[in-house]
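Before any comments, here is the structure.
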């Protein structure tokens with residue numbers, strides 16, 4: 001397989017699989033497992049095939065143009081470190097897929113679980129293979145988002161929701177800090193490309209921004225990898241299904257912070273600030289996690305705190321700054337992934353077959369589950385650092401580095417002593433896991449008799465434990481080449497000599513290891529009865545970060561938020577609008593005031609345009625006056641002000657803007673008409689309050705006048721400023737030659753600035769879905785006898801509503817006749833938009849008006865029985881078509897959304913200009929139709945009052961929503 005194809009497959013295939021699996025029915029348990037397993041196996045195979053290309057310390061890169069002018073490209077970069085992580089992610093992911101098939105209950109929506117699992121795999125693979133800093137930040141946040149959904153998969157449980165929210169807030173907040181750090185790194189280096197950053201040497205460390213960059217960078221890494229004091233989110237994430245814990249907390253989620261510290265180690269670690277912060281944060285986390293793990297009675301809680309401890313071990317090694325310490329850190333990354341994934345899956349089997357994870361109720365399970373017990377004991381031995389297992393080798397390398405002499409006596413004593421204490425605690429909690437679960441008398445408090453799981457459910461554990469044994473006995477053969485490739489990609493020419501031999505001779509590290517093993521056994525034997533029943537570590541209960549987090553969240557969401565609402569909030573809309581408009585006034589005045597002295601005086605006077613503006617202004621003033629008497633009249637007058645704006649655009653030769661404004665006015669008017677009935681009734685004003693009302697209206701009128709003058713001033717300042725030379729000329733000269741269109745405005749929107757338009761239509765689609773979500777459960781219930789005649793007509797008629805007045809039949813008939821003509825006009829506007837005024841947005845609103853006329857003419861029931869309108873499908877397909885247009889350009893080796901233009905020779909017609917931007921415009925058209933119809937139809941459904949007997953908490957979810965989808 002070509003290198004580019006393999007890299008692209010690793011990067012894209014899991015996301016495609018996630019979307020496909022999500023469409024499978026709830027019962028398609030086996031199909032989801034087979035598809036997900038096949039994708040994980042393909043990613044693993046592609047990773048293995050790429051190893052020869054990076055085995056000698058090199059890297060392979062595949063770049064897709066995105067925004068090259070800004071230095072932003074989609075770059076997939078694979079070197080030894082990325083290869084090691086890709087192997088762990090895809091290999092353990094494959095084992096988790098098999099394990100999930102037997103672990104999850106048939107009552108669970110298993111396809112949704114597999115979909116999230118594939119999305120998370122894709123996010124992690126994208127993270128470790130990112131060759132661009134901004135791209136890395138995007139995948140970083142994506143891992144936080146998908147892990148939130150995985151941790152909260154059992155959303156009916158309060159602990160799952162709390163754990164997911166906590167993980168998202170902590171890791172998401174750290175992700176924002178990391179994003180700022182990456183932007184600053186790109187600013188210092190002068191490039192966002194990973195290759196350029198890694199070649200920058202000491203440039204970052206020597207920069208004046210280095211302290212700020214380092215603090216922000218480490219906030220991101222420490223929060224993701226659960227370093228003290230941010231470690232509390234990880235134990236709370238144990239509310240997730242065990243396969244999630246096995247995957248996220250062994251090879252993926254928590255290793256992301258470790259990955260970026262390792263990735264940026266060559267350019268960030270050469271300072272005392274790095275050494276003191278990273279080393280001692282890691283050492284504190286190492287000891288804290290090991291101590292807390294010793295006092296857990298929930299097996300997953302024990303493994304969660306042991307994960308925190310081992311992450312602290314890796315962080316300590318990375319902080320020490322030595323090349324051999326970096327080697328040991330990378331080695332332990334792989335070792336920890338294997339034994340911790342197997343232990344989590346073993347705990348899942350115990351919970352699945354025994355019905356509990358409480359160590360107080362578990363005892364003597366080796367009699368009932370001998371095979372599971374054997375492999376679990378070996379994996380726990382690797383976690384404790386027992387000789388001839390992989391954990392022993394990296395632990396010995398850790399002891400060696402901490403025991404190295406340092407001129408600073410504090411460092412010289414604190415590191416080896418802290419490492420030895422953590423080793424003792426590690427042995428003790430591993431013994432607690434093994435002895436408390438598998439030895440002792442048979443259990444008596446279980447609800448069912450435990451037994452071995454299905455053989456295929458146990459295979460992942462067996463394979464991982466065999467790897468622990470193989471690496472521990474013959475490390476040079478099993479992991480040597482892969483570790484060398486990863487180490488060389490990080491250290492480069494500074495890669496030191498290191499040995500993976502099982503025996504390194506007598507020395508202080510071996511003594512430390514012996515003390516840790518003997519001390520851990522003695523500690524557990526002395527206190528095992530107390531350790532079995534206790535829940536919660538003594539002396540550190542008040543240091544729980546979770547308590548601080550919950551108090552902070554409580555203050556933020558309750559006390560501070562309520563105080564803020566009390567000061568600034570109100571039940572009336574007018575004060576809020578007043579505040580917003582006041583801020584807009586200040587911004588407009590500031591923008592105009594900055595150029596007030598340089599503004600040219602207006603020249604010329606056109607009485608016709610002045611008359612249009614006068615009528616528009618009078619309409620606006622009259623609308624404000626009529627609002628207190630008749631809202632419908634005010635709405636009509638507002639339309640008059642909007643028409644004056646349309647004429648102004650047309651007057652100044654902006655027909656596209658004029659058309660857009662006109663159609664938006666029509667759609668907005670219909671929207672407000674549908675919403676008028678939900679406006680609250682006016683409250684009667686007491687006589688003693690009338691002067692206050694007049695004062696408030698005078699104040700509002702003055703503010704409106706000032707805002708208008710400020711907007712006019714800022715607009716005039718912008719329109720009269722000296723534009724950068726060449727911008728207008730560039731668009732005028734290149735609109736046809738490069739974009740294939742003579743309508744410069746439309747060519748700019750779908751070609752030169754297509755990326756901006758892509759973002760705008762995405763926002764429009766999100767807004768439409770948000771409106772639908774807000775309105776879907778809101779629908780009043782009234783007696784059908786109380787419905788006014790116009791409501792019965794809109795609803796499609798009641799039992800005796802078939803008689804319609806003639807004056808209502810005629811407009812309905814005209815609206816039905818207008819439908820095909822408006823559709824033809826919409827298509828005409830779409831097709832001509834590249835050369836004449838029109839385009840996807842204008843055509844989309846026009847088509848929406850055609851549909852909405854049918855609702856006005858025949859009622860919702862009549863239309864939905866005869867004309868199926870699927871707004872969500874329009875939104876989805878429109879956005880997908882726009883996205884595929886951009887991706888199609890990338891597949892041809894040009895930047896995202898680059899347009900192509902050519903003439904097509906059509907028989908009997910001749911040469912017809914064809915531009916790929918038309919496909920993008922069709923996507924815009926479809927999304928605008930879908931978004932507009934989703935909002936208008938949703939509001940129309942709310943405007944249809946229904947009988948009280950039919951009231952339900954989810955009317956649209958059960959009635960209208962199914963038809964719309």
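Per-residue answers, yes or no, for (1) farther than 30 Å from residue 842 by Cα; (2) assigned to a helix (DSSP H, G or I); (3) at pLDDT 80 or above:
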{"residue": "663", "(1), (2), (3)": "no, yes, yes"}
{"residue": "667", "(1), (2), (3)": "no, yes, yes"}
{"residue": "685", "(1), (2), (3)": "yes, no, no"}
{"residue": "690", "(1), (2), (3)": "yes, yes, no"}
{"residue": "694", "(1), (2), (3)": "yes, yes, no"}
{"residue": "723", "(1), (2), (3)": "no, no, no"}
{"residue": "732", "(1), (2), (3)": "no, yes, yes"}
{"residue": "735", "(1), (2), (3)": "no, yes, yes"}
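State all residues of region 315-336 that are under 21 Å from residue 465 (Cα atoms) and surrounded by 24 or more Cβ atoms within 10 Å (Cβ to Cβ); if no residue qualifies, say none.
Scanning region 315-336 gives 328, 329, 330, 331, 333, 335, 336.
Quick check: anything in region 301-317 in a loop (DSSP other than H, G, I, E, B) and in contact with a helix residue (DSSP H, G or I) (Cβ under 6 Å, 6 or more places away or on another chain)?
no
For (1) more than 26 Å from residue 415 (Cβ to Cβ); (2) surrounded by fewer than 24 Cβ atoms within 10 Å (Cβ to Cβ); (3) without any contact (Cβ under 8 Å) to a residue 40 or more places away in the chain; (4) within 23 Å of the chain's Cα centre (by Cα), each residue gets a yes or a no:
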residue: 184; (1), (2), (3), (4): yes, yes, yes, yes
residue: 203; (1), (2), (3), (4): yes, yes, no, no
residue: 252; (1), (2), (3), (4): yes, no, no, yes
residue: 287; (1), (2), (3), (4): no, yes, no, no
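Can you find even one residue in region 460-472 that is within 17 Å of residue 86 (Cα to Cα) and not in a helix (DSSP H, G or I)?
no
Just checking: which of the helices (runs of 4 or more DSSP H) contained wholly in region 499-577 hold 2 or more residues that are under 30 Å from residue 695 (Cα atoms), within 33 Å of the chain's Cα centre (by Cα) and at pLDDT 75 or above?
none
Taking the condition surrounded by 23 or more Cβ atoms within 10 Å (Cβ to Cβ) and either farther than 21 Å from residue 338 by Cα or more than 41 Å from the chain's Cα centre (by Cα) (or both), does residue 365 pass?
yes
Can you tell me which of 41, 6 is farther than 19 Å from residue 890 by Cβ and out of contact with any strand residue (DSSP E or B) (no Cβ under 8 Å at 6 or more places or on another chain)?
From the options 41, 6, the qualifying one is 41.
Within region 337-349, identify whether any single residue is surrounded by 22 or more Cβ atoms within 10 Å (Cβ to Cβ), over 25 Å from residue 253 (Cα atoms), touching a helix residue (DSSP H, G or I) at 6+ places or on another chain (Cβ under 9 Å) and in the same structural domain as residue 446 (by TED's automatic domain parsing), and answer yes or no.
no
From 178, 149, which residue is closer than 21 Å to residue 77 by Cβ and buried (at least 17 other Cβ atoms within 10 Å of the Cβ)?
178
Out of 919, 897, 870, 880, which single residue is in the same structural domain as residue 856 (by TED's automatic domain parsing), under 24 Å from residue 75 (Cα atoms) and surrounded by fewer than 21 Cβ atoms within 10 Å (Cβ to Cβ)?
So the residue among 919, 897, 870, 880 that is in the same structural domain as residue 856 (by TED's automatic domain parsing), under 24 Å from residue 75 (Cα atoms) and surrounded by fewer than 21 Cβ atoms within 10 Å (Cβ to Cβ) is 880.
Quick one: how many residues across region 694-720 are out of contact with any helix residue (DSSP H, G or I) (no Cβ under 8 Å at 6 or more places or on another chain), surrounded by 11 or more Cβ atoms within 10 Å (Cβ to Cβ) and under 30 Å from residue 837 (Cα atoms)?
The total comes to 4.
Kindly evaluate residue 436 against the criterion of being assigned to a helix (DSSP H, G or I) and over 30 Å from residue 98 (Cβ atoms).
No; evaluated as a whole, the condition is false for this residue.
All but one of (1) part of a loop (DSSP other than H, G, I, E, B); (2) crowded, with 22+ Cβ neighbours inside 10 Å hold for residue 91, so report the exception by its number.
Status for residue 91: all satisfied but (1).
Go through (1) touching a residue at least 40 places away in the same chain (Cβ under 8 Å); (2) surrounded by 15 or more Cβ atoms within 10 Å (Cβ to Cβ) one by one and return the number of the condition residue 478 breaks.
(1)
With the condition kept exactly as written, say whether any residue in region 52-69 is surrounded by fewer than 18 Cβ atoms within 10 Å (Cβ to Cβ), in contact (Cβ under 8 Å) with a residue 40 or more places away in the chain, in contact with a strand residue (DSSP E or B) (Cβ under 8 Å, 6 or more places away or on another chain) and in a helix (DSSP H, G or I).
Checked region 52-69: at least one residue is surrounded by fewer than 18 Cβ atoms within 10 Å (Cβ to Cβ), in contact (Cβ under 8 Å) with a residue 40 or more places away in the chain, in contact with a strand residue (DSSP E or B) (Cβ under 8 Å, 6 or more places away or on another chain) and in a helix (DSSP H, G or I).
Would you pick out the residues in region 217-229 that are buried (at least 24 other Cβ atoms within 10 Å of the Cβ) and modelled with pLDDT under 90?
The one that is buried (at least 24 other Cβ atoms within 10 Å of the Cβ) and modelled with pLDDT under 90: 226.
The values are calculated or read from the model by the stated rules, or taken from the named source; none is laboratory data. Keep in mind that this is a model prediction, so the values were computed, not measured. Quick reminder, even Gly has a Cβ in these numbers, built from the backbone with ideal geometry, and neighbours come from all protein chains shown.
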